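The values are calculated or read from the model by the stated rules, or taken from the named source; none is laboratory data. Predicted, not measured: the structure shown is a model, and the values here were computed from it. Here the Cβ positions follow ideal geometry from the backbone for every residue, glycine too, while neighbour counts run over all protein chains shown. For accessibility, only protein heavy atoms count, side chains too; no ligands or nucleic acids. Shrake-Rupley method; radii C 1.70, N 1.55, O 1.52, S 1.80 Å.
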Amino acid sequence: MTNPVTVEVTRGLLVESRHRGAVAVVDGDGKLVFSLGDVEAAVFPRSSCKAMQALPLVESGAADAYGFGDKELALACASHNGEEEHVALARSMLSRAGRDAQALECGAHWSMSQKILIQQARMLDAPTALHNNCSGKHAGFICACCHQDLDPKGYVGYQHPLQVEIRAAMESLTGTVIGADSCGTDGCSIPTYAVPLRSLAHGFAKMATGTGLDPLRAKASRRLIEACMAEPFYVAGSGRACTALMQIAPGRIFCKTGAEGVFCAAIPEKGIAIALKCEDGMTRAAEAMVAATLARFFETESEVHAALIAYAATPMRNWNGIHVGDVRVTSAFAG
């Protein structure tokens, strides 16, 4: 199946670029509520599935043992900007388990936000692993290990007991058998597993509704989703789509991006979840796609709907501030 063109980029009166993609919206029972393109094709969720990867942190009792609240749990699900608040909280999470940044195995990088990168360059000789956008997730991994008396060394490895736990959780949620043949290595060095887009959406629908989950996993899932919605800044940060979209309808929208044009989202009150992939991996298109998909489910709420539609049609300006074109979703979303 050929995926439809879901996003166009204009310049002047012409379409300059086009992006194809696929979208799956699924309810807790696995029913496909809305779809575009090939939703059975396997995709790497990348960072979009961090809430799934954080389940052992909560289910093991580690989050309670270390006194984690919404901010810490949101950071454990985050791809953050490396802003001062993010770095300080990741450091604090590690310290509660008696560890420091040396325990992190995610690597170091400058912020992917140009504004934050410039601030970092003024203050730092070089970034540390705490500045890595995945440091909160990795801090959560280390805390989960320490609480369960697992040696955190090598926690990023495929065979490490923590990764075995995460793999089992993802298999259960998505209903997909995953293993070495569907495994890649993510940017932060942990395993990432390709699953059908529809199955990824179903996994998040289960987390958002509790449908088909045992009480412990349903409670942990709800706690993680609610923490992200309560503290959207700690999921991403200033100027980021995940944070902005959750702030449009506070406490009602969960949203998480992944590299290479992947997005997952959920609207718990409506019992649905979304997984999508921009075929060419462009973030600008994926952000427009998720905003337009979310908007479909707020058509009766004019203010929320208008804000989401506006996010799905982003004006482009040049260095002089002149409006030169737009990133906009296509009529594929009109059906």
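Across the stretch 157-174, the qualifying residues are those that are touching a strand residue (DSSP E or B) at 6+ places or on another chain (Cβ under 9 Å) and within 19 Å of residue 59 (Cα to Cα), and the one among them that is most open to solvent (accessible area, probe 1.4 Å) is 171.
Note on the stretch 280-290: residues that are crowded, with 21+ Cβ neighbours inside 10 Å and either in contact with a strand residue (DSSP E or B) (Cβ under 7 Å, 6 or more places away or on another chain) or on the phi > 0 side of the Ramachandran plot (or both) total 5. For the stretch 5-25, residues that are in a strand (DSSP E or B) and either at pLDDT below 95 or within 22 Å of the chain's Cα centre (by Cα) (or both) total 9.
Scanning the stretch 64-78 for residues that are in contact (Cβ under 8 Å) with a residue 12 or more places away in the chain and farther than 14 Å from residue 231 by Cβ yields 65, 66, 67.
Being hydrophobic (A, V, I, L, M, F, W, C), open to solvent by less than 40 Å² (accessible area, probe 1.4 Å) and either over 25 Å from residue 132 (Cβ atoms) or in a loop (DSSP other than H, G, I, E, B) (or both) is the filter here; which residues of the stretch 175-195 pass it? Scanning the stretch 175-195 gives 178, 188, 190, 194. Within the stretch 11-37, can you find the residues that are of a type in the set (D, E, K, R) and open to solvent by 50 Å² or more (accessible area, probe 1.4 Å)? Across the stretch 11-37, the qualifying residues are 11, 16, 18, 20, 29, 31. Just one of (1) of a type in the set (S, T, N, Q); (2) at pLDDT 95 or above; (3) touching a helix residue (DSSP H, G or I) at 6+ places or on another chain (Cβ under 9 Å) fails for residue 111. It is (2).
Of all the residues that make up the stretch 58-86, how many are part of a helix (DSSP H, G or I) and either at positive phi or open to solvent by 10 Å² or more (accessible area, probe 1.4 Å) (or both)?
Residues that pass the stated criteria total 9.
Taking residues in the stretch 291-302 that are at positive phi and open to solvent by 10 Å² or more (accessible area, probe 1.4 Å), and partners anywhere that are among the basic types (Lys, Arg) and outside any helix (DSSP H, G or I), not one pair has Cβ atoms closer than 8 Å while being at least 6 places apart or on different chains. Of all residues in the stretch 26-57, exactly one satisfies the criterion of being assigned to a loop (DSSP other than H, G, I, E, B), more than 14 Å from residue 275 (Cα to Cα) and not hydrophobic (A, V, I, L, M, F, W, C), namely 29.
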